[in-house]
1. Relative to the Cα centre, what is the charge dipole magnitude of segment B:1-60, using +1 at the beta carbon of each Lys and Arg, -1 at the beta carbon of each Asp and Glu, and rounding to the nearest 20 debye?
2. Which of the cysteines in the protein assembly as shown are isolated, no other cysteine C-beta under 4.7 Å?
3. With Cβ to Cβ distances under 14 Å as the rule, what net charge do the other residues near B:Lys9 carry (K, R +1; D, E -1)?
4. Once a ≥ b ≥ c are taken as the square roots of the eigenvalues of the Cα gyration tensor of chain A, is the result rounded (a/c under 1.5), prolate (a/b larger than b/c) or oblate (a/b not larger than b/c)?
5. Please build a GNM for chain B, connecting alpha carbons under 10 Å apart, and tell me which residue among B:Gly16, B:Gly58, B:Gly40 fluctuates the most.
6. Tell me, what is the FRET efficiency for B:Arg96 and B:Gln22 to the nearest 0.05, using R0 = 30 angstrom and their Cβ-Cβ distance as r?
7. Over 20 Å between C-alpha atoms is what I'm after, so list which of A:Lys57/A:Lys78; A:Lys78/A:Lys112; A:Lys42/B:Lys9; A:Lys57/A:Lys112 land there.
8. Can you list the residues, at least 5 places off or on another chain, whose amide H is less than 5 Å from the amide H of A:Ala86, using H built in the peptide plane?
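No value in this document is a laboratory result; all are computed from the given coordinates. It should be emphasised that the depicted structure is a prediction, and the values quoted were computed from it without experimental measurement. All Cβ positions, even for glycine, are placed from backbone atoms using ideal geometry, and neighbour counts span all protein chains on display.
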Amino acid sequence: ILNVEQSPQSLHVQEGDSTNFTCSFPSSNFYALHWYRWETAKSPEALFVMTLNGDEKKKGRISATLNTKEGYSYLYIKGSQPEDSATYLCAPRGSSNTGKLIFGQGTTLQVKP
Amino acid sequence: NAGVTQTPKFQVLKTGQSMTLQCAQDMNHEYMSWYRQDPGMGLRLIHYSVGAGITDQGEVPNGYNVSRSTTEDFPLRLLSAAPSQTSVYFCASSYRLATSEQFFGPGTRLTVL
């Protein structure tokens, strides 16, 4: 099992602020990192899947970077909007063919208008 | 495609009762998983399967049984429900790739009295 930690646990920002949060995981035995967005009363939806050290992915105002050598990934949201309010989950995969995906506890973002 | 479907959407049980939560997917995904959502705990993996006939335990398997007789279906059985099993349960599926995103069902809200 890959132990994964996310910080902060929760975050409150004003509309228009940019923000970022962290996902930390053991750097050994790493294969891929998943980021999911989970809105209240809905199901989690995939944002990014990242595999390469130095990888950077972007979807609209949301982007993520990956450092596999030191075992962390950052998720950035530029110009936060109220609709960005959600819990953001990350999950590392420890091998190429494991069906097990274990999530961190998530960072809950609240964007105030 | 219907994607990942779960039934029922809501269920109330009495302590000691048994029931089966149904999960089906029509995307020919090899990997399927069951998670439970608990306040402050994020999503915790109960059981998962890498293909028909193959299942394994996740983080919190006690009190739950699974089987995978077909690629499409992955039911979760509660043999003797306990109040601690009150939760929202999500089923998810993906292709057999570490880089394949998981697709989640709409969830089943279970209350055990």
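1. Dipole of segment B:1-60, to the nearest 20 debye: 300 debye.
2. Among the cysteines of the protein assembly as shown, none has its Cβ 4.7 Å or more from every other.
3. Neighbourhood net charge equals +2.
4. Cα axes put chain A in the prolate bin.
5. B:Gly40
6. Efficiency computed from Cβ-Cβ geometry: 0.85.
7. In this structure, A:Lys57/A:Lys112 lie more than 20 Å apart at Cα.
8. A:Leu109
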